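The values are calculated or read from the model by the stated rules, or taken from the named source; none is laboratory data. Computed from a predicted structure; not experimentally measured. Every residue, glycine as well, gets a Cβ built from its backbone with ideal geometry; the counts of neighbours run over all protein chains shown.
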Amino acid sequence: MLTLRLDKKRHNIVSSQEFPEIVFQVIEAAERENWTADLVRGALEANPGNPQLLDFISKNPAYDPKITKEQGQGIKDVVTEAQEIVNKRLGFLRSSFELALQNIDVMTAYKKLHDELHNLIFAVFPLVEDAARLLPDGKDARSNLAKYDKTLRTAIETMRQAGQSEGVEAEEAQWIGQLDLGRKELKAVLDDFDKENLQTALQKIRDVLETQPTHVNQKLWRAMNSENSRLPELIKVLEEVMTYLKDGPPERRVKFETGIQSLKTLTAKLEALINEHDTWQDVIDRLPEIGDWIGSDLSKFKARWEKVRAKLAPFYVSKTDEETAADLEKADGLIEKALSSAEGPAPAAPFDASLFEDYRVKAAWRFYDVDGMLLERCEYLRDIRNQVL
């Protein structure tokens, strides 16, 4: 049929030896090169009584070789218009992802800056300060600081690369440079110890770690919220386009539906994580101030603590990290129990401030975990973008 009726060379169209795959490749080539009507005509000439073919033509009269030229042109116009609508929707979808490309990259870059800063604050710099207190002659102080220098240098290099991403503000390079300068000055102290130089170096690092997380966090959430607000729009376009696939291959529709559902799931998870992160960010910043009331006015501490725990209690349950969530809930219970014992005219026992400090540490790590989950969502957005473009 291809050779005699359509003047097509089979070897230019198909590469498979399996008949179903051959049929698929022929149809795909016909749609791609706009000779589907000729293919239907040739098939009908070769097998005029085929019921499936006749049924297809009855549902798609544009491919009926018996219709008049005028009828054919009218149907072709309608089909072309429908195709243009689909193309317009698909074009919008593509342009939306292309528009989101830079925003997703910026979001990921700021997420890396954010996470590296948090890692230094929670896991590295406290160890640096502990070792620095033992200088110049403390056991293992110099060797430990030498190890931490390597960790600092690796983190700074990661942040420097993220800061060079397109769309990241140039001012980020300034504080990254300040952080590296403090690291170098601290390293120099190991070779030529001077207490004043040591404190200067530590303060330069401390200044960055105390001021930049909030600054970076604001830019990260601006990018994250902007991207998340785009997803419902993309879902709507995908659902509109899917209406034009109702007569297409079932496996294609299933794949499309799966993709839409994945986007809906991603949108919901992003929304929940952003809300949880904002809550943790607010609470983590307030916990030190609340803890200051333990020694001066326990009743004021309790009043402020109750407000905080009311915000965080919904997040004690976590499907992603049940152990951390359980530890946090346990620390909460210990504080409540200790407060009950410390209240009243004749308290059974004074309130143990270390319980609140333990809670602060666990809360900080839970906040860190939420950051990690959000970075995973950023990476997932990048994967979606790479598949679509």
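Criterion applied to GLN199, GLN164, GLN218, GLN178 was being in contact (Cβ under 8 Å) with a residue 12 or more places away in the chain and among the polar types (S, T, N, Q), and the one residue passing it is GLN178.
Checking each residue in the range 8-46 for being farther than 20 Å from PHE56 by Cα and either in contact with a Pro (Cβ under 7 Å, 6 or more places away or on another chain) or surrounded by 15 or more Cβ atoms within 10 Å (Cβ to Cβ) (or both) picks out LYS8, ILE13, VAL14.
In the set LEU181, LEU145, LEU134, LEU190, only one residue is at pLDDT 95 or above and more than 30 Å from TRP280 (Cα to Cα); that residue is LEU181. Residues that are part of a helix (DSSP H, G or I) and surrounded by fewer than 17 Cβ atoms within 10 Å (Cβ to Cβ) within the range 285-302 comprise ASP285, ARG286, PRO288, GLU289, SER299, LYS300, listed in sequence order. A count restricted to the range 48-70 and to residues that are among the polar types (S, T, N, Q) and modelled with pLDDT under 80 stands at 3.
Can you spot a residue in the range 252-259 that is in a helix (DSSP H, G or I) and either within 22 Å of GLU210 (Cα to Cα) or assigned by TED's automatic domain parsing to the domain that holds ASP352 (or both)? Scanning the range 252-259, I find no residue that is in a helix (DSSP H, G or I) and either within 22 Å of GLU210 (Cα to Cα) or assigned by TED's automatic domain parsing to the domain that holds ASP352 (or both), so the answer is no. Residue pairs whose Cβ atoms lie under 7 Å apart, separated by 6 or more positions or on different chains, with the first residue in the range 257-280 and closer than 13 Å to GLU239 by Cβ and the second among the charged types (D, E, K, R) and in a helix (DSSP H, G or I), are ILE260/GLU239. All of ARG252, ARG230 fail the test of being basic (Lys, Arg) and either at pLDDT 75 or above or under 14 Å from the mean Cα position of the chain (by Cα) (or both), apart from ARG230. In the range 319-343, which residues are touching a residue at least 40 places away in the same chain (Cβ under 8 Å) and under 26 Å from HIS277 (Cβ atoms)? Passing the criteria: THR320, ASP321, THR324, ALA325. Checking TRP305, TRP365 one by one, the residue that is surrounded by 13 or more Cβ atoms within 10 Å (Cβ to Cβ), over 30 Å from the mean Cα position of the chain (by Cα), among the aromatic types (Phe, Trp, Tyr) and closer than 30 Å to GLN218 by Cα is TRP305 and no other.
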